[in-house]
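These notes are about the structure you will find just below.
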Amino acid sequence: MNLLYGIGFAAALLIAVLMTPLVKRFAFWVGAVDAPNHRKVHSRIMPRLGGLAIFIAFVGAFFIVSPAIDTLKMDVVFGLLVGGAIIVLIGALDDRFDLSPKIKLLGQILAACVVVYSGVVIDLVNVPFGEGVVSLTWLAVPLTIFWIVGVTNAINLIDGLDGLSAGVSAIATTTILILALMMGNVTVILLCVVLLGSIGGFLFYNFHPAKIFMGDSGALFLGFCLATLSVLGFKQATVVSLLVPIMILGVPLSDTFFAIMRRWVNNLPISAADKSHLHHCLLSMGFSHRTTVLIIYAIAAAFGCSAVLLSYISEQQALWGAIILIAVLLLVLVVGAEAIGIISKTKKPVLHFINKVRVKTSQLSTRSRMSK
């Protein structure tokens with residue numbers, strides 16, 4: 001079985017490496033290019049549609065290996081492939097024609113519905129402090145669609161630097177793969193392996209300085225795959241371990257959350273574009289393009305390690321340990337966000353509170369020494 005996984009990874013990697021230059025030429029031919037503007041970091045016209053190469057590699061490698069594996073959940077797989085095809089089509093049309101947000105959203109909902117129809121639904125939750133199972137019933141379908149559409153767009157939002165979305169997606173895919181290996185989920189393992197190979201082959205051309213962008217066709221497809229795989233791998237779990245897929249996708253989800261908070265604090269529409277995402281903040285602090293991407297890779301890897309640790313703790317029923325881990329991670333996340341000004345450059349309540357506590361502690365310590 002391991003040999004088949006290796007073949008799947010190698011096939012996806014090779015197909016992506018071979019297809020990306022062809023897709024690059026095709027993008028220029030049809031006019032699917034990204035021109036620089038005040039919000040873009042690049043300074044020259046770049047081809048988009050890189051997602052086509054990723055998708056072709058993903059599908060091609062899967063069908064090369066899958067006939068040799070008879071334990072795959074093919075109904076779920078075809079749901080992912082059909083839904084992914086819809087997402088790539090919508091993304092490719094947007095790369096060329098700049099579709100309206102409403103049309104893109106409808107396409108994403110349609111793709112999510114295809115996956116849900118195939119059987120990928122968040123349906124059961126074990127209550128950690130009690131007995132039995134709680135069925136989400138009427139919440140199951142809308143919750144799953146909301147998750148898939150939300151993650152799909154979250155990956156798209158961080159696609160602002162060369163290799164950023166691809167690398168973060170590869171790290172998230174690796175984390176899901178590790179957890180799938182721990183659980184012995186053959187379907188998720190194979191899908192993660194071929195997705196990882198597809199991303200790796202494309203990243204060869206997409207890392208700074210990029211020769212091609214993945215465009216919406218790629219970012220939306222990767223987000224769609226990660227959202228679906230996370231549901232497929234963690235359908236039935238404790239309430240605590242349902243946070244595992246959220247941690248796996250910690251970078252794009254937190255960046256999306258902070259973007260919403262930033263626009264709320266500044267009385268701007270949620271859909272308003274800006275240059276205050278995580279990568280913009282790091283660039284404004286003086287980090288180079290490549291260093292900024294590597295820093296975010298490290299953050300994504302830290303989230304991934306936390307997800308694996310949380311999954312292990314949840315399995316051991318060490319719930320208080322899981323709660324402490326989550327609390328510490330949230331504190332670090334909020335302090336880091338305020339330090340770089342991702343929500344507001346002036347409003348930093350948590351940092352101000354910590355500084356007040358530090359000053360008070362220092363004053364008490366000084367008085368204590370003087371009294372002696």
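Just a few scattered comments:
- The packing ranking, built from the mean of other Cβ atoms within 10 Å per residue, places the peptides 185-191, 289-295 in the order 185-191, 289-295, highest first.
- Per residue solvent-accessible surface (Å²) - the chain, probe of 1.4 Å: 47 Å²
- For D34, the residues whose amide H sits under 5 Å from its own are M46, R48, ignoring neighbours fewer than 5 places away on the same chain, with H placed 1.01 Å from N.
- The accessible area of L93, taken with all protein chains in place and a 1.4 Å probe, comes to roughly 70 Å².
- At the residue level, H352 shows approximately 90 square angstrom of accessible surface with a 1.4 angstrom probe and all protein chains present.
- For the residue pairs K275/K348; K275/K345; K102/K211; K24/K275, the alpha carbons lie more than 24 Å apart in K102/K211; K24/K275.
- Förster radius 56 Å - calculated FRET efficiency between T346 and L22, Cβ distance, rounded to 0.05: 0.70
- Solvent-accessible surface (1.4 Å probe) assigned to S284 amounts to roughly 90 Å².
- Calculated FRET value between K102 and T366, using beta carbons and R₀ = 51 Å, to 0.05: 0.25
- Percent carbon-and-sulfur accessible area, the chain, ignoring ligands, DNA and RNA, probe 1.4 Å: 71 percent
- Between A273 and L89, the FRET efficiency estimated from the beta carbon spacing at R0 = 30 angstrom works out to 0.80.
The values are calculated or read from the model by the stated rules, or taken from the named source; none is laboratory data. All values derive from a computational prediction rather than experimental measurement. Positions of Cβ are backbone-derived with ideal geometry, glycine not excepted, and every protein chain shown enters the neighbour counts. The area values use the complete protein model at the heavy-atom level, side chains included, leaving out ligands, DNA and RNA. Shrake-Rupley method; radii C 1.70, N 1.55, O 1.52, S 1.80 Å.
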